[in-house]
Structures are given as C-alpha cells and as structure tokens.
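I have placed the structure first, in the form of structure tokens, so that the comments after it can refer back to it.
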Amino acid sequence: MNVEIRKSDIEGAGRGLFATKSFRPGDVVHTIARPAVAELDTERLQDSCAWCFHKGASEVERQQAAALGLPEVHVDTKACTGCRKVRYCSKTCQAKAWKREHKYECKVISVPGRPDLPHGVRAAIKLLGRLQADPEGKDEGLLDILQFKPAVDGKALEWIKAHQEQKWEDFNMLAYGAWKYCGEPKHEKIDFQSVCRAFFFNVSPNHHNQTSIKTYPQNLTKPQVNCNTISLTSPLDDVSLGLGFDNLVCSANHSCDPNLFVVFNQPQLLIRALKPIRAGDELFIKYVDTTNPFSVRQAELSSQYLFSCRCPKCKRGATHAEDKLLKPADELKPEFITTADNLVKRHQPQLHKFFIPATPAEAQRRVSAIQAEAFAVSGTTFDYQKANTSSSLDEVKDALKLCLNSGMWSLTRQPVPHLLRQLQVHYMSTGEIYRAWRIGAKKHFACSPTLFPQTFYPDRVIDCWTMANVTKALCDNPATREVYVETKKGGLDLQVVFLGFMIELHDNIERSYGWESPFGKVVAQAYQQVMASVPHSEEKVREDVKATWPKLEAVAKSVDVLML
Ligand SMILES: [Zn+2]
Ligand SMILES: [Zn+2]
Ligand SMILES: [Zn+2]
C-alpha cells in the first residue's frame, strides 16, 4: 500500500490519508477498481450502464457529434428485463452487477406503482443487501461507513439535529425507508438502520436544498452535497454521472491547495499526485472548486460540508492570486457605481458570502455585490446551483461585461473563467463552432495556465480534447470552410493547430487519465489515426506545431470575449 489512514494532522479533522512513500507530480498514488458505492444519477439511468458507467447518447447528442465529425464515444445500453429500471452496456457488465449488487435491488425497485427511488435510496438498498449477504462486510470494508462523519467537525451530526431539524428528519426518514424496502433486515452484530443513517448523512443527496419528506422523492434526485462523496463525471463529454463513496478516497481531507487529484475512469478511481509528495505527508483532495476566491470557498465549505477551512492557504486569508482584483475596490469606474448600488440591494442577504475585503465599506459592498451577481449567473456555487441551467446567453454575456468592463476583474479571476466556459458550451450546443473555438483559444492561453499550472491537470486535458475536436470541426465542416481559408490566409493553419492540440493531449494523458482508461483509449486511437494520415514524420509535425503555436497565441490574444 502506498497510503495509509490514520489520525489527521489537522485539528478536529478526525482521520486523514497519508503517503507511505514519495511521489512526483503525475505519479499514480493509488487505484480503486470501483468505489465501494457507485450510483448513477437518476437522469443517467435511462442512457448509461449501471455497472461501468459508460454513457449512452441521446439521438440529439449522436446527431450533434456526427455533425461536428466527432468520434463515437457512446455505448448502447439494454434494460434489465427484471426491473426495466436500470441498463447495461454488455452481458459482462450485467452479470458483474447482478452478482455484486443488483440482485438485492431488482425486485425492490420494480414493485408496480412504486415511484422511481432517488439514487441515495437505491444505493442504500444495495448496500444493505450486500451487508446482509456478508454481515462482516469483510470484502469491501462496507462497515467502515459507520466511522465516517459528515465534515471535519465531528459534531456536525449534533449540529444538524439542533439547527436543521427538517434535514435531520429527512435523512432519518430516507434511511428508514431504505431499510423498510429491504425487508427490515436484522442481525445480532449489525444495526442495519444505523448503517443506513450513516450512509445518508455521509453520502447524502443534497444537504442544503430545502427538501421535505412530503415532496419526497421528487426533490431528492440531484446530489449537490457531497459530505464524504465523490462525484463521478465523464471526461469525454464532461457530464455528471453519479455519486460514489469509498473508504479510502473519502478519508482524504480537503485542502484548497491539494496535493492529490482523483479521476474517474468508468468505473475505476485513479488517485494521482498533483505536487511532489514525501513519505509521511498527509494527502489532500479538494471538495470544492479551488480556483474560486477565499470567501466563496469558505461559504461553500461551510454550507455544504459544515466546516470552515483552516488549510494553510485559507489561514493566509484573501491574499492569493484567485482573490486579486485589478484595482482597489474604491477605484470602481463611476459609471458602475449606480449599477453596483442596485446590486447591493438585490444581493444583500448573501453579500457576506461574496465578501471582498476593502476599505471604505461602501466600496467593499459594491465590489462584493458585483461578485455576488456574477457568481449567481455563473451558477458555480452552492446557493446558485439552480441559476446555472437557467442562465440565458444574455445573462452570461451581461455578467461577463459587468466583471470585465468594471475594470476590476482579470480573465483569470473567477467567475470570469466559469462564465467563459458557459459561453463556450453554449456555442458548441448551438453549433456556432467558430465562436466556441475563439473562446476556447482565449481560455487556453489566458486562463488555464494560471488556474491549473500542471499541464496534466484533468481540466486542462479535457479542454485540449474539446479544442482538438472543435478545431477539427472547423477544418472539416463545409459550413466553416471560409473560416478555414481566411485563417490560413492570415498565416494560421488550423490543420496544424488541430495536430498541436492532439499532441498536447497525447503528451499529458499518461499523467492524468492514463492510457488504460476509456478516455485514454479513445485518445490513443484518435492520435494514431491522425499521425497515420499526415504525410510526414511525427517529428516534423511537432516542429510545425512549435512554429505555429506563437501564431495561435497571437490570434487568441486578439480575441475580444465581449464581442462574441
Ligand atoms: Zn457497462
Ligand atoms: Zn433489474
Ligand atoms: Zn482552505
């Protein structure tokens, strides 16, 4: 074992994960074949394999991929004939799932007239079934879940009980419901109801949403809170797949400056070093987006995870690159003062969560209000989760204008990168490839290297994949022929740019998702095809790319994101 679980060095944090040997950035620290608990989001039940978590595509997605000339990365799934509620991509997946867990769930979820159960309840049913069959829980360490407490603060359960009675009741009811559905199992050594409760309080669906048992289960379908949860996403289309729990990964504490990162390789979890690690070092992952400024991270951690972060970075307060504004708060341009004062009124109750330290107080309130407004549109934090999907293109553009034109925000200060990403995703979904490409190029040079210094960081690798695909679409799509020709006249060959993104992807996949991952295999195949189709050696291609990159950077520099 390269890692061990023991008492954390952090005061009040309980257990933590430690390295037993040293690692260089990108090294594999540990792999887990499949998290102890892995559960598809309810929306994914219809199109994804419930065992390996490979995603099927909707007809629309297939058409979009075909129109852009993207490789086919989705699978076909067939429903379990027993329940017709879950699907599998192959007989092998179905057999494995049945043996380990689905046999406990199939009958329970197929009772006629029973509403679709939230994924937390489904996961708990399978967990109880597995524990009944193996009451010692030896094989998987399933009983370890009893040792987990939500959040760093060990008193979180008491706190929830005292301050959020509704939530306390909901979780207890869900736990009781799952136990009931399972036929009220009993055992002299295990209190199954406690296991169920521990499960909900740790791997719970949604802490902060005001859910009530009356509206159950409709309101409990989306996980937003991940006390000790790993959120499982697909790198190929950047889609949320479900939630996971694993004793080992979930023992790692949070830091806003983590030394580990975790990728989900459908269904494997791969844990890698982000920074140099020495034997004996405590290992940290991130629970929230660490590119967000101090106040936003703190608010998110306390609202979702019930602790205030005391990592070395947070101890220094709002003094890091992600907190910096371009100018002092009291130098806000006069034409933005009225706008900001109106925003202060609108965001008053939330303002402390978007606090930007500054004097005088009124300047501080104004800039904090701008920050609150922009985050509300970007929807990238807790309270505004819902705003994300409903933000229109105009709202995103307005929020970008507000930040950038105010003269306070740089391109790397959140939520500007979040907003740029939203804009890019929007244009990709509407087929406006050239716009999506220009935003992507801007982000590639102006945002990513600052936000994620490691070139193998998963977000950067995924961005490269997106840019390779978008660039290829620009080259091949008859509708963008003119763009291709014009760009080439201007001295930039998009074919070479495409090759450049493929090379960057190729050179970084080994230290991120790995060649053995489903993503890695798609990249390997695409890379081989690409290199086989060019008439020169790979060495020559790399030289061409090297010569072309400064031209691409110049083009990216000239992109005005407010004009898109
Ligand atoms: Zn499968
Ligand atoms: Zn079934
Ligand atoms: Zn922190």
³J(HN,Hα) across the range 44-53 via Karplus (A = 6.51, B = -1.76, C = 1.60, θ = phi - 60°), whole Hz, x for Gly/Pro? 7, 4, 6, 10, 10, 6, 6, 9, 8, 6
Mind checking the log10 I(q)/I(0) for the chain at q = 0.08 Å⁻¹? Debye, one equal scatterer per Cα, no solvent, two decimals. -0.58
Starting from the Cα of Ser231, step 7 Å along the direction of its Cβ; do the same at Ser110; then give the gap between the two resulting points in nm. 3.3
Bins of 5 Å from zero: percent of alpha-carbon pairs in the range 227-297: 3, 14, 24, 25, 21, 10, 3, 0
Taking the Cβ of Phe245 as the center, what net charge do the other residues with Cβ under 10 Å away carry, scoring Lys and Arg +1 and Asp and Glu -1? -3
5 angstrom amide H check on Ser22, placed H, neighbours 5+ away: Ala279
So, for the chain, what is the accessible surface per residue at a probe of 1.4 Å, expressed in square angstrom? 44
J(HN,Hα) series, the range 510-519, from Karplus relation 6.51 cos²θ - 1.76 cosθ + 1.60, nearest Hz, glycine and proline x: 4, 9, 10, 6, x, 5, 7, 6, x, 5
Karplus-derived 3J(HN,Hα) from phi for the range 364-373 (6.51 cos²θ - 1.76 cosθ + 1.60, θ = phi - 60°), whole Hz, x at Gly and Pro, runs 4, 4, 4, 5, 4, 5, 4, 4, 4, 4
Give the long-range amide H neighbours of Asn253: residues separated by 5 or more places, or on another chain, with amide H under 5 Å away, using H modelled in the peptide plane at 1.01 Å from N. Leu17, Ile285
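Run the accessible area of the chain with a 1.4 Å probe and give the carbon-and-sulfur part as a rounded percent. The partial results should precede the final answer.
Details: 13010 of 25060 Å².
Ligands and nucleic acids excluded, carbon and sulfur give 52 percent.
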Judged on accessible area alone, 1.4 Å probe, highest first, Glu504, Glu169 line up as Glu169, Glu504
With +1 on each Lys and Arg Cβ and -1 on each Asp and Glu Cβ, and nothing else charged, work out how big the dipole of the chain is about its Cα centre, in Debye to the nearest 20. 600
Given the convex hull of the Cα atoms of the range 445-552, what is a quarter of its surface area in nm²? 7.1
P(r) of the range 369-507 over all Cα-Cα pairs, 5 Å bins starting at 0, rounded to whole percent, reads 2, 10, 18, 20, 18, 15, 11, 5, 1, 0
So which lysines can Lys333 reach, going by Cα to Cα under 23 Å and dropping same-chain residues fewer than 8 places off? Lys324, Lys345, Lys397, Lys401
Need one number: % antiparallel among DSSP beta bridges in the chain, to the nearest 5. 90
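Go through Lys327/Lys546; Lys488/Lys521; Lys7/Lys189; Lys107/Lys286; Lys91/Lys275 and tell me which ones have a Cα-Cα distance over 30 Å in this structure.
Lys327/Lys546; Lys488/Lys521; Lys107/Lys286; Lys91/Lys275, as the Cα separations exceed 30 Å there.
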Debye-sum result for the range 242-362 in log10 I(q)/I(0), which assumes one identical scatterer on each alpha carbon, at q = 0.12, 0.18, 0.20 Å⁻¹: -0.60, -1.03, -1.18
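The values are calculated or read from the model by the stated rules, or taken from the named source; none is laboratory data. Here the structure is a predicted model, which means the values were calculated and not measured. All Cβ positions, glycine included, derive from the backbone under ideal geometry; neighbour counts span all protein chains shown. Protein only, heavy atoms only, side chains kept; ligands, DNA and RNA dropped before computing areas. Shrake-Rupley method; radii C 1.70, N 1.55, O 1.52, S 1.80 Å.
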